[in-house]
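Just passing along the structure, written as structure tokens.
The values are calculated or read from the model by the stated rules, or taken from the named source; none is laboratory data. Just so it is clear, the structure is predicted and the values come from calculations on it, not from any experiment. Here the Cβ positions follow ideal geometry from the backbone for every residue, glycine too, while neighbour counts run over all protein chains shown. Note: areas computed on protein heavy atoms with side chains; ligands, DNA, RNA excluded. Shrake-Rupley method; radii C 1.70, N 1.55, O 1.52, S 1.80 Å.
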Amino acid sequence: MKNKAKRPVLECIGWREWVSLPQLGVPSIKAKIDTGARTSALHVSHIHRIPGTNRIEFKIHPLQKHSQPETIATAEMIEERSIKSSNGETSLRPVILTDLKVGDRSFPIELTLVNRDMMGFRMLLGREAIRKRYLVNPGKSFLTNKNKNR
């Protein structure tokens, strides 16, 4: 029998949360918590590789249904990964490693970059990012944020 006293107490998050990506210059973006998705995904456009490097440049549009504000970011591409979308289509996506801030906690996550313009949320937070960190309450939203009136 495992000793339950050694298990960390997990913070509860809602099915959607305001998060930030400080290394990418994104102070606030609404993320859907998606336990059905293994990897997290961020809506970006204009992805291109910087010649002679493993770095990529891309544009981030953090507000749903808006093209502005727009942030131009660069990051090291750690790999390209084949990802199956919710509609069953498979695509090759660049993967970066960046810090995610949820409430007062910050930690590194793998993030795939994809055009999610037609999707409801500009960011999906997959189960690998929240595993062993959070429990998800599917009936609540914005549980980690002090300022819930963004």
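Might you check whether a residue that is touching a Ser or Thr at 6+ places or on another chain (Cβ under 8 Å) and of a type in the set (D, E, K, R) occurs anywhere in the range 37-53?
Looking through the range 37-53, none of the residues is touching a Ser or Thr at 6+ places or on another chain (Cβ under 8 Å) and of a type in the set (D, E, K, R).
Applying the selection to the range 66-79, what residues are open to solvent by less than 50 Å² (accessible area, probe 1.4 Å) and at pLDDT 95 or above? Walk me through how you get there before you give the answer.
Step one: list which residues in the range 66-79 are open to solvent by less than 50 Å² (accessible area, probe 1.4 Å), which gives 71, 73, 75, 77.
Answer for the range 66-79, where residues must be open to solvent by less than 50 Å² (accessible area, probe 1.4 Å) and at pLDDT 95 or above: Ala73, Ala75, Met77.
Would a scan of the range 91-102 turn up a residue that is over 16 Å from Gly14 (Cα atoms), open to solvent by 30 Å² or more (accessible area, probe 1.4 Å) and touching a residue at least 60 places away in the same chain (Cβ under 8 Å)?
The answer is yes; a qualifying residue exists.
Now for a separate question. For the range 105-122, which residues satisfy the criterion of being at pLDDT 90 or above and either more than 20 Å from Ala37 (Cβ to Cβ) or open to solvent by 50 Å² or more (accessible area, probe 1.4 Å) (or both)?
Of everything in the range 105-122, those that are at pLDDT 90 or above and either more than 20 Å from Ala37 (Cβ to Cβ) or open to solvent by 50 Å² or more (accessible area, probe 1.4 Å) (or both) turn out to be Arg105, Ser106, Pro108, Glu110.
Which condition breaks for Ser82 when tested against (1) touching a Ser or Thr at 6+ places or on another chain (Cβ under 7 Å); (2) hydroxyl-bearing (Ser, Thr, Tyr); (3) open to solvent by less than 20 Å² (accessible area, probe 1.4 Å)?
Of everything listed in (1) touching a Ser or Thr at 6+ places or on another chain (Cβ under 7 Å); (2) hydroxyl-bearing (Ser, Thr, Tyr); (3) open to solvent by less than 20 Å² (accessible area, probe 1.4 Å), Ser82 misses just condition (3).
Arg81 is checked against (1) part of a strand (DSSP E or B); (2) under 13 Å from the mean Cα position of the chain (by Cα) and fails just one. What number does that condition carry?
Every condition holds for Arg81 apart from (2).
Here is a further query. So if I check each of Leu125, Leu135, which one is open to solvent by 80 Å² or more (accessible area, probe 1.4 Å) and not small (Gly, Ala, Ser)?
Numbers: Leu125 fails: open to solvent by 80 Å² or more (accessible area, probe 1.4 Å).
Every option except Leu135 fails the conditions.
Collect the residues in the range 21-65 that are open to solvent by 20 Å² or more (accessible area, probe 1.4 Å), within 22 Å of Glu128 (Cβ to Cβ) and not in a loop (DSSP other than H, G, I, E, B), keeping them in residue-number order.
Matches in the range 21-65: Pro22, Gln23, Lys30, Lys32, Asp34, Ile47.
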